[in-house]
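What follows is a short report on a single structure.
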Amino acid sequence: MGKAERKDGNAVEACIEAGAFRHLSQFCLKRGLQSLRIVADSNTWAALGSQVKDEVEKAGIRAACTIFESDSSHPLAADAGSILRLLMDLSAEDQLLAAVGSGTITDITRFVASRSGRSFVSLPTAPSVDAYASVVAPLVVDGVKKTVGAKAPAAIFADTDVLCAAPRPMISAGFGDVVCKYCSVADWRLGALFWDEKFDEDIAARSVATAADAAAAAADIGAATPHGISVLIGALIESGRCMAEAGNSHPASGAEHQYSHFWEMKLLREGRPPVLHGLKVGVGAVLASELWEKVRGVPAAQAAKLLSASEAPSPGYERAAMQRAYGRDAPAIIGCQQRFLELEDSAPAYRDFCDKIAANWDKVLSIAAGVPSPADMRRLLKTAGCCTDASELGLGRAEIASAIEAAHYIRDRFTVRKLARMLWGD
């Protein structure tokens with residue numbers, strides 16, 4: 001298996017080839033592991049899980065199983081119920097957890113492995129998300145999407161035969177989740193400049209490179225060719241590694257992910273069918289690229305004028321907006337925005353912040369230059385079979401408008417959406 005060295009000195013092993021899952025037995029035997037637990041849902045069990053069980057048992061390795069039921073009417077979620085189910089299934093004999101599935105299965109397994117002191121391996125069944133090599137798990141906690149620290153897998157076995165056979169929407173979702181890194185990294189740069197976020201230039205460059213690799217193979221990815229799928233899963237794994245090295249999701253998640261999380265939480269609250277994460281992210285990337293294009297059109301003198309005239313909405317207004325958009329989930333959202341609310345609560349502090357942005361406008365324009373135009377973003381997404389408008393996801397105009405108004409409250413980050421609000425007040 002190939003290895004990518006992380007800055008912490010640990011090697012993340014990844015095998016991307018036809019029949020990759022067959023290497024799991026050797027991985028276990030080399031480490032003296034005699035027992036593992038396979039974690040899958042009813043779909044991923046049929047796609048790969050049963051083959052994994054047969055393969056490891058032929059090598060004399062005990063394989064226990066946790067198989068979640070999942071269908072369109074009862075989709076699996078990475079929430080407290082699923083986590084508790086897996087924790088209750090664990091036995092002292094389970095030396096390793098094997099996540100057979102895509103994002104949700106991986107996040108459940110990653111979190112439980114971290115909290116139970118076990119290692120886990122990832123066996124993707126679709127190139128749909130960049131979560132495979134990550135050290136964080138986006139979980140639904142009391143209805144709110146929260147990113148929680150967890151751990152990276154000990155190895156990733158990506159079987160290209162299985163991945164090519166994945167449902168096309170899941171392949172398109174993977175493309176949406178990786179091509180958006182142009183926007184994610186731009187927001188990370190913005191946050192480092194104005195919000196004191198820890199930044200790493202090497203990781204940022206690698207994250208953007210994953211988007212470029214996927215963009216160059218967009219047609220092959222849309223056609224689900226072995227080459228295209230190999231490029232896509234490689235880019236998704238590398239994106240996860242970037243998050244693992246950064247220790248957070250900044251290299252891979254900006255305003256575009258906030259739109260996605262907003263819609264996911266809304267659908268969950270209303271008991272509506274979920275929409276694939278990467279498809280929502282792709283639409284979010286179009287919205288973010290539109291904001292970046294608008295920023296690119298503002299010369300320094302105009303930016304200074306706009307920021308000089310910018311007035312902070314009152315904290316009362318902000319809290320009301322969060323309450324209106326998030327309902328019962330509003331207290332948690334308000335809690336994560338205390339830093340921004342405190343900034344707005346002090347007129348001198350807000351003015352100093354505006355002046356800092358104006359003084360660094362040349363750097364803002366340099367950041368904006370790295371984001372594709374909305375036309376280019378739409379073209380890439382369409383080539384790979386992705387949606388480019390929220391209406392294609394079954395979301396109405398009001399839901400699009402509410403996301404534009406309130407999605408930026410989900411994380412304590414300074415993204416292009418917050419910048420746009422300061423410039424234009426919308």
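Bear in mind these aren't lab numbers, they're just calculated from the coordinates by the rules spelled out. Bear in mind that the values here come from a model prediction, so they are computed numbers and not experimental data. Don't worry about glycine lacking a Cβ; one is built from the backbone with ideal geometry, like all the others, and counts go over all protein chains shown.
Some notes on this structure:
- Structure-derived Kirkwood radius over Cα pairs in Å - corresponding label in (i) 23.0; (ii) 27.1; (iii) 22.0: (iii)
- Taking a sphere under 13 Å around the Cβ of residue 26 and counting the other residues whose Cβ falls inside, with K and R at +1 and D and E at -1, yields a net charge of +2.
- Degrees between helix 168-179 axis and first principal axis of the chain (Cα, 0 to 90, nearest 10): 50
- Anchor residue 53: lysines whose Cα lies under 26 Å away (excluding residues fewer than 8 positions away in-chain): 3, 30, 151
- Of all DSSP beta bridges in the chain, antiparallel share, percent nearest 5: 30
- Taking Lys and Arg as +1 and Asp and Glu as -1, the other residues whose beta-carbon sits under 14 Å from that of residue 210 total -3.
- Projected label distance in nm at residue 54 and residue 168, using a 7 Å step from Cα toward the beta-carbon: 2.9
- The calculated 222 nm mean residue ellipticity attributable to helices in the chain amounts to -17000 deg cm²/dmol, summing -39500 (n - 2.57) over DSSP H runs of n ≥ 4 and dividing by all residues.
- Residues 408, 257, sorted so that the one with the fewest Cβ neighbours within 10 Å comes first: 408, 257
- Value of relative contact order over the chain, rounded to a whole percent, pairs C-alpha under 8 Å and six or more apart: 16
- The DSSP beta bridges internal to the range 1-151 are antiparallel in roughly 35% of cases.
- Comparing mean-square fluctuations of 330, 368, 407 from a GNM of the chain with C-alpha springs under 10 Å, the top value falls on 330.
- D (Stokes-Einstein, µm²/s), Kirkwood Cα radius, the range 177-424, 1.306 mPa s at 10 °C: 86
- Ordering 183, 336 by the number of other Cβ atoms within 10 Å of each residue's own Cβ, fewest first, gives 336, 183.
- Note on the range 177-424: lysine pairs with Cα distance below 26 Å, sequence gap of 8 or more or different chains, count 27.
- The range 84-118 and the range 154-203: distance between their alpha carbon centers, rounded to Å: 23
- For the chain, the longest principal axis of the alpha carbon atoms and the long axis of helix 255-269 meet at an angle near 70°.
- Hull-based mean projected area of the range 275-317, where the convex hull spans the alpha carbons, in square nanometres: 4.9
- Under 5 Å between amide hydrogens, built in the peptide plane, is the criterion, and for residue 62 it picks out 35, 36 among residues at least 5 positions away or on other chains.
- Fewest-first ordering of 88, 170, 422, 322 by other beta carbons within 10 Å of each residue's beta carbon gives 88, 422, 170, 322.
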